[in-house]
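Worksheet for the structure shown next.
The values are calculated or read from the model by the stated rules, or taken from the named source; none is laboratory data. Keep in mind the model is a prediction, meaning the values are calculated, not measured. A quick note on method: Cβ atoms are made from the backbone with ideal geometry, for glycine too, and the neighbour counts reach across all protein chains shown.
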Amino acid sequence: MSPLLQVADVSVSYGKVEAVRSVSLEVREREIVTVIGANGAGKTTLLSAVMGILPLKGSVQFCGENIVRQDIEDRVADGLSLVPEHRELFATMTVEDNLELGAFRIAKSVAAQSQERVYGLFPRLKERRKQLAGTLSGGEQQMLAMGRALMGAPKLLMLDEPSLGLAPIIVADIFRIVTELRAAGVSVLLVEQNAKAALEIADRAYVMELGEFVLNGPAAEIAKNEAVAASYLGFSHG
Ligand SMILES: Nc1ncnc2c1ncn2[C@@H]1O[C@H](COP(=O)(O)OP(=O)(O)O)[C@@H](O)[C@H]1O
Ligand SMILES: [Mg+2]
């Protein structure tokens, strides 16, 4: 079976500066794939290009189809969804209304089902459905950003540093939900500086440095790699 997402030889530039260089990656059905790397490695740039927010060189296939020339809305309609690094919620709107914005092209009956599914995954959001998004805790805001992205029932959810700024216990909660998504048939491309947490739940991993992938393999093997342990996990196996 061909992979759900196939990124081949992709480069992304800001003017003359190439922030992502000849990167290739794939995500198969029911996989959590993580891209780990330090601040500035090019992770957000890569996700933005796959989503269609930034232009790229190279090829991106989604469900076997080249999507490079598609606009963002068509990519969303095909089942690709991005939870951006800064969550980009509407702070003065309620939880419920933020979720509704994630379903703007979806039939009302389907949106109602989606909302129930999202509330099933995130009971906290249901409790706080009438609360303004700006008054939520950081963890709840991340849940809401994920919930909004899930309203359209994506096949692939791309998460840009969901753990950023959150306490470890909240990160554990959010990552447990990511594994529930995989169990429910959603594939996940997870970009993280928090390599330890990401490698614990991922099936496969890519290590990104200065715009390039320097290593990839099963997450368990990447976690055991000496250089990765020293640079990203804060300890050495030696
Ligand atoms: N809008 C921009 N204009 C110019 N350079 C940028 C822009 N956004 C990011 N960069 C640069 O591209 C590189 C990769 O950034 P980014 O993709 O945000 O990395 P990461 O998400 O891994 O922290 C960095 O050197 C960063 O300074
Ligand atoms: Mg980033």
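Observations on the structure shown:
- The lone exception for Ala172 - which of (1) away from ligand 2 (no atom under 16 Å from the Cβ); (2) surrounded by fewer than 20 Cβ atoms within 10 Å (Cβ to Cβ); (3) within 15 Å of the chain's Cα centre (by Cα); (4) not β-branched (Val, Ile, Thr) it fails: (3)
- Scanning the range 26-58 for residues that are over 21 Å from Asp74 (Cβ atoms), within 16 Å of ligand 2 (Cβ to nearest atom) and surrounded by fewer than 17 Cβ atoms within 10 Å (Cβ to Cβ) turns up Ala38, Asn39, Gly40.
- Boolean, Glu116 is at pLDDT below 95 and not in a loop (DSSP other than H, G, I, E, B): yes
- Residues considered: Leu89, Leu99. Of these, the only one that is part of a loop (DSSP other than H, G, I, E, B) and farther than 24 Å from Val228 by Cα is Leu89.
- When the residues of the range 8-39 are filtered to those that are without any contact (Cβ under 8 Å) to a residue 40 or more places away in the chain and assigned to a loop (DSSP other than H, G, I, E, B), the one that is farthest from the chain's Cα centre (by Cα) is Lys16.
- Residue ID - surrounded by the most Cβ atoms within 10 Å (Cβ to Cβ), chosen from residues in the range 9-24 that are within 16 Å of ligand 2 (Cβ to nearest atom) and closer than 25 Å to Glu73 by Cβ: Val20
- Within the range 67-85, the only residue that satisfies the criterion of being within 16 Å of ligand 1 (Cβ to nearest atom) and either surrounded by fewer than 17 Cβ atoms within 10 Å (Cβ to Cβ) or of a type in the set (Asp, Glu) (or both) is Glu85.
- Members of the range 150-170 that are within 22 Å of Leu99 (Cβ to Cβ) and more than 16 Å from ligand 1 (Cβ to nearest atom): Leu150, Met151, Gly152, Ala153, Pro154, Lys155, Leu156, Leu157, Leu166, Ile170
- Asp71 vs. criteria in the same structural domain as Val27 (by TED's automatic domain parsing) and of a type in the set (D, E, K, R): yes
- Checklist (1) more than 16 Å from ligand 2 (Cβ to nearest atom); (2) modelled with pLDDT under 95 applied to Leu157, failing item: (2)
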